[in-house]
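All remarks here apply to the structure that follows.
The values are calculated or read from the model by the stated rules, or taken from the named source; none is laboratory data. Please read all numbers here as calculations on a predicted model, not as lab measurements. For neighbour counting, all protein chains shown are included, and Cβ atoms are generated from backbone atoms with ideal geometry for every residue, glycine included. Protein only, heavy atoms only, side chains kept; ligands, DNA and RNA dropped before computing areas. Shrake-Rupley method; radii C 1.70, N 1.55, O 1.52, S 1.80 Å.
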Amino acid sequence: MATVSSALQASVLQANKDLARRGLALFGLGHVSGIDRRHGLVVSRAGDAILEKLNPKDLVVTDLSGRVVRGKRAPVPDLATHLEIYRAFPSMGGVARVHSEYATVWAQAGLEIVHLGTTHADHFNGPIPVTRAMTPAEIAEDYEKNVGKVIVVSRQTCFVWAATPHGAVRMAVMLEAIARLAYKTAVLNPAVGPLPQELLWKHYRRAHPEWKVVSEREE
């Protein structure tokens with residue numbers, strides 16, 4: 001049976017600890033996973049593991065259908081959401097879920113985070129959207145999987161993803177920083193408008209030279 005590398009397991013372990021260390025997962029309300037694309041295996045943590053005390057025995061390996069292939073404990077419930085994201089975005093290698101304060105405030109308010117400054121533009125090529133409300137049917141059955149489906153459509157909520165588990169944590173940190181800056185800016189000046197499109201794209205292209213504008217719109 002195929003196994004994931006020790007390097008990926010170590011990366012997922014450290015990324016989860018970093019999430020807790022940075023205060024983005026209070027009382028364990030956070031989770032970072034990583035994927036081995038070659039073998040189609042995902043490393044996550046056990047649902048009953050204590051995030052701040054995570055050790056290698058707390059890691060669980062599943063396939064992309066969620067079937068446990070290594071470990072005897074059940075993975076975190078939101079793994080189904082991670083798997084939807086991995087299936088939708090083949091270039092992504094790490095997914096993080098956070099409940100950081102300011103990002104959650106924007107999400108609970110049902111408001112996207114508009115690109116107000118160049119710090120935002122260095123990391124996101126447009127507003128950070130919020131997902132639509134889930135239907136009663138989506139909540140009642142396969143909730144975590146349906147959360148993933150809704151996220152894939154909107155491409156954002158308090159989930160972030162990147163090429164690696166550590167990259168996903170970095171994006172979570174930046175999401176919270178940008179959410180905090182946007183909130184305080186909007187409080188100080190409720191009439192503030194977004195950056196000019198040219199300035200937004202200038203900064204994003206500089207940080208992501210591989211990015212191309214698609215049909216004159218943000219990706």
Checking the condition within 22 Å of residue 187 (Cα to Cα) and of a type in the set (A, V, I, L, M), which residue from 103, 140, 133 passes? 103
Can you report the number of residues in the stretch 49-60 which are outside any strand (DSSP E or B) and either open to solvent by less than 20 Å² (accessible area, probe 1.4 Å) or of a type outside the set (Lys, Arg) (or both)? 8
Output the number of the condition that residue 11 fails; it satisfies all remaining conditions of (1) open to solvent by 30 Å² or more (accessible area, probe 1.4 Å); (2) over 15 Å from residue 86 (Cα atoms). (1)
Flag if residue 198 is open to solvent by 30 Å² or more (accessible area, probe 1.4 Å) and in contact with a Pro (Cβ under 8 Å, 6 or more places away or on another chain): no
Residue 145 fails exactly one of the following numbered conditions: (1) touching an Asp or Glu at 6+ places or on another chain (Cβ under 9 Å); (2) open to solvent by less than 40 Å² (accessible area, probe 1.4 Å); (3) assigned to a helix (DSSP H, G or I); (4) not β-branched (Val, Ile, Thr). What is the number of that condition? (2)
Can you tell me how many residues within the stretch 20-48 are buried (at least 21 other Cβ atoms within 10 Å of the Cβ) and at pLDDT below 90? 3
Could you list all residues from the stretch 34-61 that are touching a strand residue (DSSP E or B) at 6+ places or on another chain (Cβ under 7 Å) and without any contact (Cβ under 8 Å) to a residue 12 or more places away in the chain? none
Residue count, the stretch 168-192 (criterion: touching a residue at least 60 places away in the same chain (Cβ under 8 Å) and open to solvent by less than 80 Å² (accessible area, probe 1.4 Å)): 13
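Condition test on residue 157, is it buried (at least 16 other Cβ atoms within 10 Å of the Cβ) and either at pLDDT 95 or above or in a loop (DSSP other than H, G, I, E, B) (or both)?
Considered against the rule, which asks whether it is buried (at least 16 other Cβ atoms within 10 Å of the Cβ) and either at pLDDT 95 or above or in a loop (DSSP other than H, G, I, E, B) (or both), residue 157 comes out as yes.
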Name the pairs whose Cβ atoms lie under 7 Å apart, with the first residue in the stretch 66-89 and touching a residue at least 60 places away in the same chain (Cβ under 8 Å), the second open to solvent by 40 Å² or more (accessible area, probe 1.4 Å) and of a type in the set (Asp, Glu), and 6 or more positions between them or separate chains? 77/144; 78/144; 80/144; 81/144
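Across the stretch 83-122, which residue is most open to solvent (accessible area, probe 1.4 Å) among those that are assigned to a strand (DSSP E or B) and closer than 30 Å to residue 67 by Cβ?
Of all residues in the stretch 83-122, those assigned to a strand (DSSP E or B) come to 94-97, 113.
From what is left, the residues that are closer than 30 Å to residue 67 by Cβ are 94-97.
Values: 94: 0, 95: 0, 96: 0, 97: 44 Å².
My answer is 97.
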